[in-house]
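J.: Have a look at this one.
The values are calculated or read from the model by the stated rules, or taken from the named source; none is laboratory data. Predicted model only: the values in this text are computed from it and were never measured. Cβ: placed from backbone, ideal geometry, glycine included. Neighbour counts: every protein chain shown. For accessibility, only protein heavy atoms count, side chains too; no ligands or nucleic acids. Shrake-Rupley method; radii C 1.70, N 1.55, O 1.52, S 1.80 Å.
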Amino acid sequence: MSNERAANITVDGKSVEFPVLRGAVGPDVIDIRSLYAKTGMFTFDPGFLSTAACRSAITFVDGKAGTLLYRGYPIEQLAYQCDYLEVCYLILKGELPNATQKQAWIKEISDHTMVHEQLSRLFTGFRRDAHPMAVLVGVVGALSAFYHDAMDFSDQAHRDQSADRLLAKIPSIVAMAYKYSVGLPFVRARNDLDYAANFLHMMFATPCEEYVPNPVLARALDRILIVHADHEQGASTSTVRLAGSSGANPFACIASGMACLWGPAHGGASEAVLNMLEEIRDASRIGKYLARAKDKNDSFRLEGFGHRVYKSFDPRGKIMRETCHEVLNELGLHDDPLFKLALDLERIALEDDFFVSKGLYPNVDFYSGIVKRALGIPNEMFTAIFAMARTVGWIAHWNEMIGEADQKIGRPRQLFVGSPRRDVVPRDKR
Ligand code: SDX
């Protein structure tokens, strides 16, 4: 980063100068690390609307241009020219693998697809109707109770080992959460299948008959994983960074990211989109729901619309819409009523000035739920699929943060609005 300019803040007639740092692309930042020492004041930015919490080289998002780059490559190119494991390699190591590196990478991940038998037994502690994200947070967090052979996280080799284990096991754990919820036996990973096909196999194969993953559906799932793999400092990634900044076990940190992702304002949106479309049911009722979304006194929000960063369009939403077409056509579901309703809802909303003026466009979650449902994945599993895809992003950000020479524990301050100091009144006088 270069420091070409300075910013001045004047308070009570006293002016203090701060360096302006320039990154590779995107907004410059005012380096205010010395603000408290120089002024005795904090900045105030709940929700981090104007705060860069770190430096990163992994993902760049331009909300105005609708651009998403993983290590400089546009998401549109990665989604159609690469597969998910290649994108994982890129996100973690900074470059796309060549053929030799890819083969070695596939072997490295395949060596860890088995799940410890003790971990499998954890599932029996959950109710069958537990939300899959509750199971996922519990089981992924429990991974921190295993693998004591690679616990020195200052050692890159140990960090790489943890990354391999997480990437390799998360599909099995997600599929196990589904199988457990429907009372079916767990299905072991098959290393002869690619990442997405193996997941479909573990989700839908049974011991009673052979299951051959549909290549079109596997490719669609692979693309869903690619577009959800990372997204710079979203709430869940920031959670992983903050948890990891104390030196906590990476499996436990990833579990904290999963907990954050579960929220309906974040990764829980794709499940909420399907529930919303099922509630709207018919295009004639769209107007009523759009009116509710515009009503300040109504907490209803148009699920799958809007984004903290994208104020033009979410490039992932376009890729998901195209993938929706592909999957529904492959399955002969092009007249799927929910997909037609989603297309109508998008069209009508984008003709409405309320949504256009506020920069509210379909985000990644608006169509992805319809694709997942068409793949046979139940609504309550949607966020778990998102978590499976985002695990690589969380690991990459954790790794980047831990590897920084000036890494510190994250410890924000506050604007205190409570009671000033006061003394306890003796009990007999209260
Ligand atoms: C993800 O951070 C990431 O990168 C997240 C993510 C990732 O890959 O990690 O991209 C994944 O979380 C996608 C977002 C999924 N969530 C949803 O689809 C839920 C519905 N969307 C909203 O809850 C909302 O848009 C958020 C949470 C996504 C963004 O919230 P913000 O930043 O508070 O929204 P904003 O400031 O841009 O809103 C501007 C205005 C506000 O009204 P005013 O206060 O200006 O009057 O638009 C309103 C909002 O109330 N608004 C909506 C709306 N989203 C925002 N009104 C109706 N329906 C909506 N969906």
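J.: On full extension of the chain, what length is gained from Leu343 through Ala291, given 0.36 nm per residue of separation minus the C-alpha to C-alpha distance?
T.: Going from the current span to full extension adds 16.9 nm.
J.: Once neighbouring chains are kept in place and the probe is 1.4 Å, which whole percent of the accessible area of the stretch 64-405 is contributed by carbon and sulfur?
T.: 53
J.: If each DSSP helix of 4+ residues adds -39,500 (n - 2.57) and the sum is divided by the residues in the chain, what number results at 222 nm, nearest 500 deg cm²/dmol?
T.: Theoretical 222 nm ellipticity from helices: -15000 deg cm²/dmol.
J.: A further question follows. Report, largest value first, the span of the C-alpha coordinates of the stretch 64-405 along each principal axis, in whole Å.
T.: That works out to 59, 53, 41 Å along the principal axes.
J.: To continue, here is another question. Heavy atoms only, 1.4 Å probe, whole protein assembly: order Asp336, Asp83 by accessible area, highest first.
T.: Order by accessible area, largest first: Asp83, Asp336.
J.: Looking at the stretch 140-191, what % of the alpha carbon pairs are farther apart than 18 Å?
T.: Summing the P(r) tail past 18 Å for the stretch 140-191 gives 42 percent.
J.: For Thr39, what accessible area in Å² do you get when you roll a 1.4 Å probe over the heavy atoms of the protein chains, rounding to the nearest 10?
T.: About 40 Å², rounded to the nearest 10.
J.: Kindly report, to the nearest 10 Å², the accessible surface of His325 as traced by a 1.4 Å probe over protein heavy atoms only.
T.: Number for this one is 80 Å².
J.: What accessible area per residue, rounded to a whole number of Å², is obtained for the stretch 6-52 using a probe radius of 1.4 Å?
T.: 73
J.: Still on this model: For the stretch 293-410, with every protein chain kept in place, what is the accessible area per residue (1.4 Å probe, Å²)?
T.: 41
J.: While we're here: Return the loop-located chymotrypsin sites (Phe, Trp or Tyr not before Pro) in the stretch 1-66 (DSSP other than H, G, I, E, B) with at most 11 other Cβ atoms within 10 Å of their own Cβ; answer none if there are none.
T.: Passing sites in the stretch 1-66 are Phe44.
J.: Rg/Rh for the stretch 68-207: what does it come to with C-alpha atoms and Rh from Kirkwood?
T.: Rg divided by Rh gives 0.99.
J.: Taking H placed 1.01 Å from N in the peptide plane, check which residues at least 5 places from Phe305 or on another chain put their amide H under 5 Å from its amide H.
T.: Amide H to amide H, under 5 Å and 5 or more residues apart or across chains, Phe305 pairs with Asn363.
J.: Taking the Cα centre of the stretch 6-52 as origin and charging only Cβ (+1 Lys, Arg; -1 Asp, Glu), how large is the dipole, in debye to the nearest 20?
T.: It works out to roughly 100 debye.
J.: Quick check: with the 1.4 Å probe, what order do Met41, Met114 take by accessible area, largest first?
T.: From most exposed to least exposed: Met114, Met41.
J.: Here's a follow-up. With equal scatterers on the alpha carbons only and no solvent term, can you work out the Debye log10 of I(q)/I(0) for the stretch 6-52 at 0.16, 0.19, 0.24 1/Å?
T.: For the stretch 6-52, the Cα-only Debye profile gives -0.50, -0.68, -0.99.
J.: Could you work out what % of the accessible surface of the stretch 6-52 is carbon and sulfur, using a 1.4 angstrom probe and leaving DNA, RNA and ligands out of the count?
T.: The C+S portion of the solvent-accessible surface of the stretch 6-52 is 60 percent.
J.: Quick one: order Ser299, Ser419, Ser172, Ser256 from most to least accessible surface, probe 1.4 Å.
T.: Ser299, Ser419, Ser256, Ser172
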